[in-house]
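J.: Dropping a structure here in structure tokens format, bear with me for questions.
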Amino acid sequence: MINIAPLMTRCLSPVLLTAIALSSLPIAAQAGNMYIYKDKGGQVLLTNVNPSGNFDKFNKKVKTTYYKDSNAYNAGSNTSADYGSSTASSSSGRNSYDNYIRASAERHGVDPALMKAMMHTESAFNPNARSPVGAQGLMQLMPATARRFKVSNPWNPADNIEGSAKYIAWLMRRFNNNVEFAVAGYNAGEGNVDKYNGIPPFKETRNYVKSVMSRYHSLYKNDSALSGKTMNANNATNTTNGSGMQNVSYGTSSNTNSASYANSAYLALR
């Protein structure tokens with residue numbers, strides 16, 4: 001395992017950091033995990049091991065990205081996987097946004113049950129949730145994604161959910177209504193789904209897809225509060241592949257075609 005920490009002993013701009021990360025891709029792809037740390041002054045450390053020795057000042061871990069051998073994953077092989085069952089959310093706000101979800105889902109032709117499964121996974125129904133890399137609100141929109149889909153205030157639940165529904169609808173079209181691919185795109189970026197021709201072989205993304213799909217099937221798909229004549233997917237249940245999802249696909253993330261390694265480093269500095 002190669003430690004690239006010495007490359008990060010100076011404060012680097014996002015552009016330079018991204019360039020270094022890109023140049024390190026062949027190494028990182030085999031490295032297992034990539035860690036991004038910051039010190040109190042905002043200096044960034046990019047490494048594949050925990051900081052030690054001269055790097056102890058980097059005491060704030062911003063993000064961990066997992067890199068697994070892509071040969072261990074056969075893209076597209078799990079479209080009918082059994083994702084198991086999930087436990088209902090204990091959040092007091094778990095049903096507070098159903099009206100917004102239904103309304104936005106109807107406007108953009110997406111599945112409200114899948115939107116709720118994604119919200120559960122993204123923010124646990126906390127409208128004030130903010131990730132270490134700056135994702136905001138209930139469905140954790142990155143600032144660039146919010147701007148792209150005309151979200152004026154990502155902290156406003158109605159605006160955030162509307163923007164998320166627009167993005168999901170876009171991902172549905174992009175991935176030809178493949179649910180898992182679009183969910184993966186929401187997490188890892190559509191560029192990575194294109195690169196791997198399916199769900200990227202990143203532990204974080206694969207766990208995310210599993211969590212969303214498990215919650216969708218076991219918690220929200222048959223939730224009467226989300227049902228109704230609001231979307232195309234409800235009409236698809238009699239004509240689909242057994243999961244009732246032929247006409248829907250979902251997925252938010254970084255909106256970049258860059259490799260995930262460089263993208264993670266860049267997002268950490270935004």
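J.: Among the residues of the stretch 117-133, are any surrounded by fewer than 23 Cβ atoms within 10 Å (Cβ to Cβ), in the same structural domain as VAL179 (by TED's automatic domain parsing), of a type in the set (D, E, K, R) and farther than 17 Å from ALA88 by Cβ?
T.: Within the stretch 117-133 (the criterion being surrounded by fewer than 23 Cβ atoms within 10 Å (Cβ to Cβ), in the same structural domain as VAL179 (by TED's automatic domain parsing), of a type in the set (D, E, K, R) and farther than 17 Å from ALA88 by Cβ), the answer is yes, since at least one residue qualifies.
J.: With respect to the numbered conditions (1) more than 16 Å from ALA184 (Cβ to Cβ); (2) of a type in the set (A, V, I, L, M); (3) in contact with a helix residue (DSSP H, G or I) (Cβ under 9 Å, 6 or more places away or on another chain), which one is the sole condition not fulfilled by ALA124?
T.: (3)
J.: Mind counting the residues in the stretch 67-104 that are in a loop (DSSP other than H, G, I, E, B), at pLDDT below 90 and small (Gly, Ala, Ser)?
T.: Residues in the stretch 67-104 being in a loop (DSSP other than H, G, I, E, B), at pLDDT below 90 and small (Gly, Ala, Ser): 8 in total.
J.: Out of the residues in the stretch 85-116 that are among the β-branched types (Val, Ile, Thr) and surrounded by 14 or more Cβ atoms within 10 Å (Cβ to Cβ), state the one that is farthest from ASN160 (Cα to Cα).
T.: Filtering the stretch 85-116 for residues that are among the β-branched types (Val, Ile, Thr) and surrounded by 14 or more Cβ atoms within 10 Å (Cβ to Cβ), the one farthest from ASN160 (Cα to Cα) comes out as VAL110.
J.: While we're here: So which of ARG173, ARG147 ends up being of a type in the set (D, E, K, R), surrounded by fewer than 20 Cβ atoms within 10 Å (Cβ to Cβ) and within 26 Å of GLY42 (Cβ to Cβ)?
T.: None of the other options fit; the residue is ARG147.
J.: Could you check the stretch 88-108 and list, in sequence order, the residues that are over 13 Å from ASP223 (Cβ atoms) and aliphatic (A, V, I, L, M)?
T.: Answer for the stretch 88-108, where residues must be over 13 Å from ASP223 (Cβ atoms) and aliphatic (A, V, I, L, M): just ALA103.
J.: To continue, here is another question. Does the stretch 182-204 include one or more residues that are at positive phi, assigned to a loop (DSSP other than H, G, I, E, B) and buried (at least 23 other Cβ atoms within 10 Å of the Cβ)?
T.: There is at least one residue in the stretch 182-204 that is at positive phi, assigned to a loop (DSSP other than H, G, I, E, B) and buried (at least 23 other Cβ atoms within 10 Å of the Cβ).
The values are calculated or read from the model by the stated rules, or taken from the named source; none is laboratory data. Owing to the predicted nature of the structure, the values given are computational and were not obtained by experimental measurement. So basically every Cβ, Gly included, is an ideal-geometry build from the backbone, and we count neighbours across all protein chains shown.
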